[in-house]
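Data block below; observations after.
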Amino acid sequence: MTVKHTRRQVLKRGAVAGGAVGLTSLAGCSSFLGGGGTAVKVGSKQFTEQELLGHMAYEALDANADVEVVNEVGLGGTTTNFRAVKSDEIDLYWEYTGTAWATLPPKHDEVITDPQQIYQKVDEEVQSEHSLDFLQRAPFNNTYVLTANPDWVEQTGVETLSGFAEYVNGGNTDFTVVLNAEFENRADGWPGVAKHYGFDGALSDIQVTNVDSGLTYQTVGQGDAQVGVGFNTNPKIVRFDLTVLEDDEQFFPVYNPAPLVNQDALESAPSIEEPLNAIGPTLSTEKIRSLNKQVSIDGGDPQKTAREFLSNEGLI
């Protein structure tokens, strides 16, 4: 995509007027260096997938952009990274479109299930509201999914959520669903899925067991439950050979990640745009699950894993 290089609506002031406070602030911001260079600071959230994405951005810029790159991967949660990129404490981090739509101001309750539509809306909003830009998104979608034991799928033929609804509405409720307590009760969770797909009348006939989120994959994989909630890019889907039931009537929101970049950084260091845009399109669901597995299950180093992935893709 072509990124819109909109000027900041309000020029930031006081960077050099705050005495010791100003100097402390500048130490954590992108700034012009001696000799005309520009430092670009890369942040991320504090979980495996985000650290991988952050390291990919860092390594791609370090190899391909005419900038000094500062590694702030693992900076904090959504709020911490968003505030940091707005205030120039960092210059970019990867954000999910669904998270931006529902969590970043202005927040929205409406669910958008079309990937390009939600991307365009959040890109327009972060530009107009926050002087930020979303660059090229990745195609993988880290949203909620219902996973199923592969033996159960083979026995029942259920591979989609509409097929699941048809199976349940046919009187087949002799199986167990494993959920965390929050998902079981959220309107955009289990009750919402049931209403959207039309099997809410049979909910009371389905046995539901509550476990912690991290245990749902193992519980389904070992056959102690037949269906469970998960996240689409979790590597335990691969580890336990689970089947993801296709959300074929589009209930769950879309969570495509994309670099969220401060417009000042794009203006002062335009060479960062191309290498950042090149990363997202290479990241399919299968690839990110595999990368997540290499780190969170196999014990790989996230920065080394990110670097090797970029090298294999010809991006560095």
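The values are calculated or read from the model by the stated rules, or taken from the named source; none is laboratory data. Bear in mind the structure is a predicted one, so any value in this text is a computation, not a measurement. Glycine also receives a Cβ, built like all others from the backbone with ideal geometry; neighbour counts cover every protein chain displayed. Ligands, DNA and RNA are stripped out before the accessible areas are found, and what is left, the full protein with its side chains, is counted by its heavy atoms. Shrake-Rupley method; radii C 1.70, N 1.55, O 1.52, S 1.80 Å.
Taking the options D241, D264, name whichever one is within 30 Å of G170 (Cα to Cα) and of a type in the set (D, E, K, R).
Answer to the check: D241.
Filter region 141-186 for residues that are charged (D, E, K, R) and in contact with an Asp or Glu (Cβ under 8 Å, 6 or more places away or on another chain) and give the result.
The one that is charged (D, E, K, R) and in contact with an Asp or Glu (Cβ under 8 Å, 6 or more places away or on another chain): E159.
Quickly run through region 124-141 and pick out the residues that are open to solvent by 10 Å² or more (accessible area, probe 1.4 Å) and of a type in the set (D, E, K, R).
Across region 124-141, the qualifying residues are E124, E125, E129, R137.
For region 39-66, enumerate the residues that are surrounded by 21 or more Cβ atoms within 10 Å (Cβ to Cβ) and not in a helix (DSSP H, G or I).
Hits for region 39-66 are V40, K41, V42, G43, S44, K45.
For region 267-306, enumerate the residues that are under 14 Å from G54 (Cα atoms), in contact with a Ser or Thr (Cβ under 9 Å, 6 or more places away or on another chain) and not aliphatic (A, V, I, L, M).
N292, P302
Quick check on my filter: what residues within region 125-155 are of a type in the set (V, I, T) and out of contact with any helix residue (DSSP H, G or I) (no Cβ under 6 Å at 6 or more places or on another chain)?
Correct list: V126, T143, V145, V153.
Can you tell me which residues in region 84-118 are over 15 Å from D264 (Cα atoms), open to solvent by 10 Å² or more (accessible area, probe 1.4 Å) and in a helix (DSSP H, G or I)?
T99, W101, A102, T103, P115, Q116, Q117
Filter the strands (runs of 3 or more DSSP E) completely within region 207-316 down to those with at least 3 residues that are open to solvent by 40 Å² or more (accessible area, probe 1.4 Å) and at pLDDT 95 or above.
Details: elements: 207-210, 227-231, 243-245, 257-262.
Passing ranges, in order: 207-210.
Name the residues in region 146-190 that are at pLDDT below 95 and outside any loop (DSSP other than H, G, I, E, B), would you? Lay out the reasoning, then the answer.
Quick first cut of region 146-190, residues at pLDDT below 95 only: 180-189.
Those that are at pLDDT below 95 and outside any loop (DSSP other than H, G, I, E, B): A181, E182, F183, E184, N185.
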